[in-house]
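A short worksheet on the structure shown next.
The values are calculated or read from the model by the stated rules, or taken from the named source; none is laboratory data. Predicted model only: the values in this text are computed from it and were never measured. We place every Cβ from the backbone using ideal geometry, glycine too, and count neighbours over all the protein chains shown.
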Amino acid sequence: METHAVNPWVAAAYLVAGVCFILALRGLSSPATSRAGNRYGMFGMAIALVTTLITHEIASLPEIIGAIAIGGGIGFVIARRIQMTAMPQLVAAFHSLVGLAAVLVAVAAFLNPDAFGILGADGNILNVSRVEMALGAAIGAITFSGSVIAFAKLNGNMSGSPILLPARHVINLGTLVLIIALTAMFAVAAHAGPGESPLFWVVVALSFAIGFLLIIPIGGADMPVVVSMLNSYSGWAAAAMGFTLHNTAMIITGALVGSSGAILSYIMCKAMNRSFLSVIAGGFGADAGGGGGGEAKEQRPWKRGSAEDAAFLMKEAENVIIIPGYGMAVAQAQHALREMTDLLKEHGVNVKFAIHPVAGRMPGHMNVLLAEASVPYDEVFELEDIQSEFAQADVAFIIGANDVVNPAAKTDKSSPIYGMPVFDVDKAKTIFFIKRSMGGQGYAGVDNDVFYMDQTMMLLSDAKKMVEEINKSLTD
Amino acid sequence: MDFVSILSIFVMACFVGYYVVWSVTPALHTPLMAVTNAISSVIVVGALIASAAAGSPLAKWLGLGAVVLASVNIFGGFAVTERMLAMYKKKDKPAGKGGK
């Protein structure tokens, strides 16, 4: 079934590229080795590019160099200028490009199968290649349209709240089944020469549609799962094209990226105690702010604190744990927050950061923002590593987080966030809770008992402004 | 290569990916996404083949388009990863800051 001979040196070069990509991910096991890892990644990509360029008859080298220069230039400028708080949008945008590139490559292979060595002797595209091509195009198209929606939601071009179409589950399932059935029909079609079967185009069109339909019902706080999932898809799309091209670098990379995204989605789902299917089905948080927790409707007493209170109590404290959430990113409060920790350290306070896996809009979002503000990474802790320390903490300082500290997740079986692992902030002696107002209730739309606890003081203000005020009283 | 050897590479690579990714520290999950983004643009190999080939002018232009898109990702992805990773620093020497 093989129609083109593979030069063993070329195959070896692609294999080396694949191994470099494995090393790139391996480097991320610790910040200390991560930059070397990234270099391996660049090196692997250079090998793959050069190998392809020197082993194929290049009809028009200037055009190709021009294309790389244009794309590379745009990418480089964006990478330099992008704000760290905009990282989730950027990643979503990049995913969409991989997806679209996969579709374009698959379409090119469909139109010119001879160049890819997948044209059979009978003038039809090889059957196996047809499946790989259609799958690559389908996954690529889903990645593209899904990522465009994710981008629009993360970037605020589109409301973050879920958009629910009637009968969406039926429509989505039906479309998926149709895509699979049409792919199978395309694989066994009698006439499938270059660009011949219309079935291929229908598969591509339906896939663009389903990517769109799958993401619009998913709300903003579920975006970490969506972004991870699309990450995974972009990998599977590359792998499918790797099968078409019999290219080891693409297959290894596709498998790596595919599993990476899948594992991240799993971690995110587990951190919310929700099944992957329920996230994908969407609609979570649809009535946030509307109904709210039933029994919590009556006015309960709460205490309002001031920046001076916070500064005074934290200055005297021995251990302070800071819990940042998406609100910190929105307010761009990370730099002011780092200043606050520096001031506290000058008073001999032991300050630690506690990061929930789903804090922010993508995996590791908070860590990057704190790193940007020059918070040393060994002062930043994951949930399971810091959970036991709340009992010794004098102050838990919550800034822009809500659901991840809600004790209802531990006690209230009827709560939508029940079972989600949350920080034991209630064990801290004093709690400061920065929030814009008492009105809004976390993403899940549930009331938070922490607001009304005896040791809680609410700091109602913009996160950045409040932290700056605290800094001012700390320096006085 | 026949289909089964390709499939073997794929399956093995999935296992490698599984173990390697679990060893990534959660603090670096955002750079992980950025770098996987960059490397998945190895799809540029397919784009180059398409744009290099004579035969179908349309396929060639689609290939060139894919080269542009993938290049945005390759350069942008690695550069932004590099930028992020450069920000992760350890605690600077304990001297200076007064402890209790």
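When segment A:235-253 is examined, which residues are found to be without any contact (Cβ under 8 Å) to a residue 40 or more places away in the chain and more than 7 Å from chain B (Cβ to nearest Cβ)?
Within segment A:235-253, A:GLY242 is the sole residue that qualifies.
If you scan segment A:45-65, which residues turn out to be facing chain B (nearest Cβ under 7 Å) and over 16 Å from B:ALA54 (Cα atoms)?
A:MET45, A:ALA48, A:LEU49
Of A:VAL177, A:VAL204, which residue is farther than 25 Å from B:ASN73 by Cβ and either modelled with pLDDT of 90 or more or within 14 Å of chain B (Cβ to nearest Cβ) (or both)?
Going through A:VAL177, A:VAL204 in turn, just one is farther than 25 Å from B:ASN73 by Cβ and either modelled with pLDDT of 90 or more or within 14 Å of chain B (Cβ to nearest Cβ) (or both): A:VAL177.
Here's a check for you: in segment A:332-346, which residue that is touching a residue at least 40 places away in the same chain (Cβ under 8 Å) and surrounded by fewer than 23 Cβ atoms within 10 Å (Cβ to Cβ) is farthest from the other protein chains (Cβ to nearest Cβ)?
This residue is A:ALA336.
Here is a yes/no grid of residues against (1) facing chain B (nearest Cβ under 7 Å); (2) touching a helix residue (DSSP H, G or I) at 6+ places or on another chain (Cβ under 7 Å); (3) in contact (Cβ under 8 Å) with a residue 40 or more places away in the chain:
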| residue | (1), (2), (3) |
| --- | --- |
| A:ILE22 | yes, yes, yes |
| A:ARG26 | yes, yes, no |
| A:ILE78 | yes, yes, no |
| A:ALA93 | no, yes, yes |
| A:LEU100 | yes, yes, yes |
| A:LEU104 | yes, yes, no |
| A:VAL107 | yes, yes, yes |
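Can you find a residue in segment A:425-438 that is of a type in the set (Gly, Ala, Ser), in contact (Cβ under 8 Å) with a residue 24 or more places away in the chain and surrounded by fewer than 19 Cβ atoms within 10 Å (Cβ to Cβ)?
No, there is no match, as no residue in segment A:425-438 is of a type in the set (Gly, Ala, Ser), in contact (Cβ under 8 Å) with a residue 24 or more places away in the chain and surrounded by fewer than 19 Cβ atoms within 10 Å (Cβ to Cβ).
Looking at segment A:8-83, what helices (runs of 4 or more DSSP H) fall wholly within it and have at least 1 residues that are among the hydroxyl-bearing types (Ser, Thr, Tyr)?
Counting at least 1 such residues, we get A:8-27, A:31-55.
Can you name the residue in segment A:115-132 that is surrounded by fewer than 18 Cβ atoms within 10 Å (Cβ to Cβ) and within 22 Å of A:VAL103 (Cβ to Cβ) and is also nearest to the chain's Cα centre (by Cα) among such residues?
Residue satisfying both the conditions and the ranking: A:VAL128.
Consider only pairs whose beta carbons are under 7 Å apart and that are at least six residues apart or on different chains; among these, list those whose first residue lies in segment A:209-228 and is within 14 Å of another protein chain (Cβ to nearest Cβ) and whose second residue is assigned to a helix (DSSP H, G or I) and of a type in the set (Ser, Thr, Tyr).
As it stands, the answer is A:VAL225/A:SER265; A:SER228/A:SER265, since those pairs meet every condition given.
Answer yes or no as to whether A:VAL375 is in contact with a helix residue (DSSP H, G or I) (Cβ under 8 Å, 6 or more places away or on another chain) and either surrounded by fewer than 24 Cβ atoms within 10 Å (Cβ to Cβ) or among the hydrophobic types (A, V, I, L, M, F, W, C) (or both).
yes
Under 7 Å between Cβ atoms, which residue pairs at least 6 apart in sequence (or on different chains) link something in segment A:393-422 that is at pLDDT below 90 with a partner that is charged (D, E, K, R) and crowded, with 23+ Cβ neighbours inside 10 Å?
Final answer for the pair search is A:ILE417/A:ASP403.
Which one is nearest to A:PRO224 (Cα to Cα) among residues in segment A:347-367 that are at the interface with another protein chain (Cβ under 7 Å from one of its Cβ atoms) and out of contact with any Gly (no Cβ under 7 Å at 6 or more places or on another chain)?
A:MET362
Can you confirm whether A:GLY146 is away from chain B (no Cβ under 13 Å) and either buried (at least 20 other Cβ atoms within 10 Å of the Cβ) or in contact (Cβ under 8 Å) with a residue 24 or more places away in the chain (or both)?
For A:GLY146, the condition - away from chain B (no Cβ under 13 Å) and either buried (at least 20 other Cβ atoms within 10 Å of the Cβ) or in contact (Cβ under 8 Å) with a residue 24 or more places away in the chain (or both) - is met.
Applying the selection to segment A:177-201, what residues are surrounded by fewer than 17 Cβ atoms within 10 Å (Cβ to Cβ) and hydrophobic (A, V, I, L, M, F, W, C)?
Across segment A:177-201, the qualifying residues are A:VAL177, A:LEU178, A:ILE180, A:ALA181, A:ALA184, A:MET185, A:VAL188, A:ALA190, A:TRP201.
Restricting to segment A:110-132, count the residues that are more than 7 Å from chain B (Cβ to nearest Cβ), assigned to a helix (DSSP H, G or I) and of a type in the set (A, V, I, L, M).
1
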